[in-house]
Ligand code: ADP
């Protein structure tokens with residue numbers, strides 16, 4: 001087949017699925033396609049502006065950038081043309097036929113088939129070019145890469161089904177022209193006024209002028225004007241980059257529509273922060289916190305970072321050097337007056353100015369979140385991004401305190417699994433003599449809440465934070481303390497919060513249970529470091545405790561699941577000698593029965609904290625044997 005002939009190619013599987021979903025799920029929000037296509041056109045112009053900095057020939061002598069939008073009511077078509085970077089034939093095949101984002105297959109698998117839910121998810125994935133098929137049943141993309149010959153133009157056509165065709169077609173002007181053949185019930189997008197109002201609504205802030213044919217005024221129209229004369233064009237948007245305008249002049253709607261332009265998010269942003277910095281370093285930043293997590297939030301290689309501009313010229317997307325990893329969900333723009341136009345990712349990594357901007361921008365984001373934390377919307381933010389913010393406790397030492405103030409927990413003090421209590425609130429309720437902040441940690445809220453370790457605290461009326469995010473154990477170790485109060489895992493170490501009275505009782509208990517303890521130690525010496533009577537327990541027979549500096553059972557499981565070898569440290573078994581089962585054990589003279597019951601009690605302590613038994617079948621056998629004896 002010759003290079004120029006028409007080929008029919010299939011969409012990549014994921015692209016095909018996304019296309020179908022897009023068409024069906026986003027139908028109630030049709031007009032966003034225009035925002036997406038104009039956004040792409042503006043990106044294409046930004047790219048050319050950047051590439052032409054050191055290759056002026058790409059401009060082909062035409063450096064006026066614009067996006068032209070035209071409609072044909074009779075033919076029911078809408079055309080969006082840009083004079084940006086354009087695409088070669090191969091690029092059109094690749095960019096319009098496949099989805100390059102990593103994790104796409106996983107994302108597709110997470111879709112539910114429920115249109116409403118999926119529409120939300122697609123928003124998180126980022127709608128883009130394919131949104132054209134919401135309103136069109138045929139899309140033609142005629143494109144030519146800037147700097148290449150007219151003959152190298154390519155025409156891409158698809159009906160939005162399984163495949164598309166690509167052929168060579170001459171194109172005089174550089175850039176891309178996209179024609180939508182509108183579905184019958186979307187014909188209103190061939191109406192001049194309708195299109196103008198949608199563009200005004202979504203694309204006003206785009207820095208490139210969006211032009212439409214000037215509407216002729218019937219009264220001034222003269223007979224002599226020839227029909228074939230090309231129409232006069234007029235810009236219908238503001239065409240100044242939003243972030244360069246003074247804050248006071250920008251409306252919330254404008255901020256929101258700009259957010260959608262840079263994020264391709266479907267939903268509004270939760271909040272934003274717009275700042276101009278003058279002095280040693282000069283730059284403007286506009287940072288947004290989204291409402292929803294992006295589909296790939298947990299993929300550490302996810303595309304992240306800010307759009308970088310230098311003196312209003314677009315330089316690159318996803319400049320990740322300006323924010324730390326734990327703020328990877330923040331979207332926005334940074335426009336520097338100091339960086340060179342030819343700055344590369346490598347330079348960004350080493351540049352001192354970038355380093356100071358990064359720390360200033362990090363503070364900006366944390367301040368923005370601190371402000372958000374004062375309002376009702378914070379709960380939504382926290383439930384979506386809380387675990388990511390906690391990563392910052394290990395990653396961003398300098399801002400530990402700020403981050404700690406953003407944390408929210410559920411606690412034994414409030415009967416709800418909503419994480420909505422701050423350290424400050426906990427401190428406010430703390431007992432006067434209390435010098436530690438206590439927390440219990442398990443794989444899920446219910447296991448944590450029912451942990452035997454809490455019995456002592458319940459009895460004493462001491463509040464305990466209930467932690468059940470995977471990262472929590474690690475995060476608390478990173479933080480270590482808050483406002484001079486040590487963070488104490490209730491499953492670790494000795495309890496020092498004891499009154500003299502309690503200490504005396506404890507000593508008495510130790511004496512009275514000495515022989516039981518010794519017998520149990522002998523049976524369980526392989527599994528536990530030691531056995532001791534417990535100050536923690538009031539209801540449960542046993543629990544496990546690890547040393548203050550040892551890794552908790554949860555953390556160990558997580559590390560092991562991640563394939564890490566974790567040094568083995570044995571826990572201490574704490575027993576409640578007042579418990580009927582322990583009393584029974586104490587009087588058991590048959591050594592075999594003693595062994596079985598002691599082992600079962602140890603295994604139950606493991607189960608109660610959500611752990612797994614080394615030999616569950618043996619546990620079941622032992623327990624069943626005991627049950628049978630009950631009925632005998
Ligand atoms: P995204 O913009 O998120 O990458 P899209 O589906 O909107 O995803 O577009 C896919 C790709 O197609 C873009 O990344 C770009 O390379 C190319 N593309 C789309 N529209 C244009 C255009 N008007 N000019 C040049 N390239 C374009």
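All conditions in (1) over 24 Å from residue 266 (Cα atoms); (2) within 16 Å of the ligand (Cβ to nearest atom); (3) modelled with pLDDT under 95 hold for residue 163, with the sole exception of (2).
Residues of segment 118-154 being free of Cβ contacts under 8 Å to residues at least 40 places away in the same chain and in contact with a helix residue (DSSP H, G or I) (Cβ under 9 Å, 6 or more places away or on another chain), which ones? The answer is 153, and nothing else.
Being outside any loop (DSSP other than H, G, I, E, B) and more than 10 Å from the ligand (Cβ to nearest atom) is the filter; apply it to segment 74-99 and report the residue that is surrounded by the fewest Cβ atoms within 10 Å (Cβ to Cβ). Ranking the qualifying residues of segment 74-99, first place goes to 90.
The number of residues in segment 170-207 being within 16 Å of the ligand (Cβ to nearest atom) and either within 22 Å of residue 130 (Cα to Cα) or modelled with pLDDT of 95 or more (or both) comes to 13. Candidates in segment 100-113 are the residues that are touching a helix residue (DSSP H, G or I) at 6+ places or on another chain (Cβ under 9 Å) and free of Cβ contacts under 8 Å to residues at least 12 places away in the same chain; of these, the one that is farthest from the ligand (Cβ to nearest atom) is 112. Pairs meeting the criteria (first residue in segment 74-97 and closer than 25 Å to residue 213 by Cβ and in contact (Cβ under 8 Å) with a residue 40 or more places away in the chain, second residue part of a strand (DSSP E or B) and near the ligand (Cβ under 8 Å from one of its atoms), beta carbons under 6 Å, at least 6 apart or on different chains) are 80/178; 82/175; 82/176; 83/175; 84/175; 86/143; 86/175; 86/176. For segment 514-551, a residue qualifies if it is over 34 Å from the mean Cα position of the chain (by Cα) and in a strand (DSSP E or B), and the qualifying residues are 530, 531, 532, 533, 542, 543, 544, 545.
When the residues of segment 123-140 are filtered to those that are away from the ligand (no atom under 12 Å from the Cβ) and in a helix (DSSP H, G or I), the one that is farthest from residue 194 (Cα to Cα) is 124. In segment 244-263, the residues that are without any contact (Cβ under 8 Å) to a residue 24 or more places away in the chain form Cβ pairs under 6 Å with partners that are part of a loop (DSSP other than H, G, I, E, B), at six or more places apart or across chains, as follows: 256/268. Can you say whether residue 26 is more than 12 Å from the ligand (Cβ to nearest atom) and more than 27 Å from residue 233 (Cβ to Cβ), as far as the supplied structure shows? Yes; evaluated as a whole, the condition is true for this residue. Here the helices (runs of 4 or more DSSP H) wholly within segment 552-611 that include at least 1 residues being buried (at least 18 other Cβ atoms within 10 Å of the Cβ) and modelled with pLDDT under 90 are 553-561, 591-608. Under the condition of being in contact with a helix residue (DSSP H, G or I) (Cβ under 7 Å, 6 or more places away or on another chain) and within 16 Å of the ligand (Cβ to nearest atom), the residues counted in segment 50-73 number 6.
The values are calculated or read from the model by the stated rules, or taken from the named source; none is laboratory data. This is a predicted model, so every value here is computed, not measured. Neighbour counts run over all protein chains shown; Cβ positions are idealised from the backbone, glycine included.
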